[in-house]
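Right, one structure below, let's go through it.
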Amino acid sequence: MAKLYASAKLVKNLRIDVDDGRKHAYCLDLPLDLGGTDMGPSALELALMSFAGCYATIFTFIAKKMKITLNDLEVKMEAVKPEEVGTITEVNAEVSVKTDVPLDVIQKIHSKTLENCPVGMLFEKAGVKISYNLKIEK
């Protein structure tokens with residue numbers, strides 16, 4: 001069983017430094033209008049960034065396993081956070097792929113990505129409504 005580690009340390013005001021225990025640290029902060037100093041993303045923004053990064057990583061990994069060449073890949077995610085709920089309830093993902101393979105192959109990679117993206121699984125289990133828009137460019 002693999003274990004992941006994280007720590008969070010208050011630096012000043014609302015700035016928090018987070019660390020993964022593997023020499024990777026990030027600064028979290030809130031925007032100015034919420035009393036922060038805007039030195040980094042909020043924890044919720046970092047969660048969404050993690051989702052986008054995880055999807056892109058798994059997509060690329062699966063494409064490589066299938067010996068598919070991706071000339072470019074960009075994943076953009078927009079989250080909806082209603083004030084009355086206080087957290088993300090919906091994510092719209094736009095996946096742009098530059099490749100020479102047909103759409104059905106990209107859809108297969110996408111399906112396998114959804115089955116294997118651990119951060120995406122967390123969002124799904126949390127009840128977040130997720131939609132994906134796949135775009136292929138030659």
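Quick note: the coordinates plus some simple rules give every number you see, no bench work behind them. Small disclaimer: the values here were computed from a predicted structure and weren't measured. All Cβ positions, even for glycine, are placed from backbone atoms using ideal geometry, and neighbour counts span all protein chains on display.
Some notes on this structure:
- When the pairs Lys9/Lys135; Lys98/Lys125; Lys65/Lys138; Lys98/Lys129; Lys3/Lys98 are compared against a 32 Å limit on Cα-Cα distance, Lys9/Lys135; Lys3/Lys98 fall above it.
- Annotation: amide H of Thr37 within the under-5 Å range of Leu14, Leu30, sequence separation 5 or more or interchain, hydrogens built in the peptide plane.
- Of Asn13, Asn92, Asn116, the one that fluctuates the most in a GNM where the chain has Cα springs shorter than 10 Å: Asn13
- Charged-residue dipole, Cβ positions (Lys, Arg, Asp, Glu), the chain about Cα centre, Debye nearest 20: 720 debye
- Among the trypsin sites (Lys or Arg not before Pro) within the range 38-81, those in coil by DSSP and having at most 12 neighbouring Cβ atoms inside 10 Å are Lys67.
- Among Met77, Met121, Met66: highest mean-square fluctuation, GNM of the chain, C-alpha pairs under 10 Å: Met66
- Among Ser111, Met66, Gly86 the positive-end extreme of the charge dipole of the range 43-137 (Cβ point charges): Met66
- Which label in (1) 8.1; (2) 10.3; (3) 8.5 gives the computed mean projected area of the Cα convex hull in nm²: (2)
- Loop-located GluC sites (Glu not before Pro) in the range 35-138 whose Cβ has at most 15 other Cβ within 10 Å (DSSP): Glu83, Glu84
- Between Glu83 and Met121, the FRET efficiency estimated from the beta carbon spacing at R0 = 22 angstrom works out to 0.25.
- Each helix, a run of at least 4 DSSP H residues, gives -39500 (n - 2.57); summed and divided by the residues of the chain, these come to -10500 deg cm²/dmol at 222 nm.
- Charge sum, other residues only, whose C-beta stays under 12 Å from Ala93's C-beta, Lys/Arg counted +1 and Asp/Glu -1: -1
- Fraction of antiparallel bridges per DSSP, the range 43-137 only, in percent to nearest 5: 50 percent
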